[in-house]
1. Got a sec? Which residues in the range 242-267 would a label at D44 touch, if it sits 7 Å along Cα→Cβ and we count backbone N under 18 Å?
2. Across the range 164-348, how large is the tail of the calculated P(r) beyond 27 Å, expressed as a percent of all Cα pairs?
3. Modelling each spin label as a point 7 Å along the Cα-to-Cβ direction, I'd like the K275/E119 distance in nm, to one decimal.
4. Based on DSSP, what percent of beta bridges with both residues in the range 20-143 are antiparallel, to the nearest 5?
5. Could you pull the accessible area for D71 with a 1.4 Å probe, rounded to 10 Å²?
6. Rank I107, I26, I313 by mean-square fluctuation in a GNM of the chain with C-alpha springs under 10 angstrom and give only the top-ranked residue.
7. Please report the antiparallel percentage of the DSSP beta bridges confined to the range 164-348, to the nearest 5.
8. Full extension from I201 to E127: what is 0.36 nm times the residue separation minus their Cα-Cα distance, to one decimal in nm?
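The values are calculated or read from the model by the stated rules, or taken from the named source; none is laboratory data. Note that this is a predicted model, so its numbers are computed, not measured. Neighbour counts are summed over all protein chains in view; Cβ atoms, including those assigned to glycine, are modelled from backbone coordinates with ideal geometry. Accessible surface areas use protein heavy atoms only, side chains included; no ligands, DNA or RNA. Shrake-Rupley method; radii C 1.70, N 1.55, O 1.52, S 1.80 Å.
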Amino acid sequence: MITAYSPTGTTTAGLPAAPAPPDSSIFGRVHLGYIVIETRKFSDWERFGRDAIGLHVDTPTGDVLRFRLDDHKTRFLLRRGPAEDVMAIGWQIDDHESFDGVLARVIAHGVPLVELRPEEAQLRGVERAVRFPGPNGLVQELFTRAHTTTEPLVAVASGGFVTGESGLGHVAVVTKNPHQMRGYYSTVFDARLSDYIDETISGARMKIRFMRVNERHHSIAIANMRDAPLNPVRTRVQHLNIQVTELDDMMQAYQRTKELGFGITMSMGQHTNDKELSFYARTPSGFEWETGWNPIVIDENAWEPTTHQGISIWGHRPEVDKFVNAFTRVREAVGNLGHHEDPVAALSGPGIADD
Ligand SMILES: [Fe+2]
């Protein structure tokens, strides 16, 4: 285990020295960079990613599938394995000073860091990266430089995707420990609260916190059931989100996804808080995938967190068989009753209470 990390790029085991934590916030210098998924369903994922959603697909080896959204060589890395889940999320940090600053925070809280082997960094399309534990088993990885390519995207979604400053999209999680999870992302990345949504789904009251680390309204959404410490979702994420540039690409992806037989978990609709138009589909691994268009961009000088009632202004209705949906939810909730969530307490502190 590596307990200290040198900012010069070499890992050192057992050394007590660590760079001083940064005084200044790294807000705005953090961007969701890539997602690592483990699955055995490569052919289903290839159909889902390329033929339904409209992504560029690369298959460097038989055990790896990669999706591109832009000039980054990897935005989604799919590895062969049994989990059927998201295993890690990679954050791009703008500069080495901020990168070292985040490492210093992690080390100062006594949480172990590991540098990825060069071949692992290569698969992720980055020069080098480190990883450390994240809440609910979602490993956090950091990098500064992505390998890029000038090869044009070969994607059905011909208008391309919104990434850049906003990062690749967002990740939504359900947790039994929402206050600690909010504390974690605030401690590590200086994440800010954008707003809350209160929603009731099948009689269960949910609260969702939307956290941003840059101009994107949220890069992480943290949901919990208000009346019971339950997590009905088997996977580490409830859904992933990407943003298309053109409305037409979202509507055509919706139609293709339906025609190819992937379950539409929520039809097209518009969210109350970030105003994004989107639809949700069930991925081959079971978690959901939101394809969206035109969310608002936050102006830091004119933003006040509020609470919205309900997730949608209109639409977002389930289209897959409702009985199967309810049955699946109950089965997963029962299956998850004994599931232990590690909140990574060293980095979440007492948490940030909000209800
Ligand atoms: Fe979302």
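1. Of the residues in the range 242-267, 257-266 have backbone N under 18 Å from the label point off D44.
2. Roughly 26 percent, once rounded to a whole number.
3. 4.9
4. 70
5. 70
6. I313
7. Bridges in the range 164-348 are about 70 percent antiparallel.
8. Once the chain is fully extended between I201 and E127, it gains 22.4 nm.
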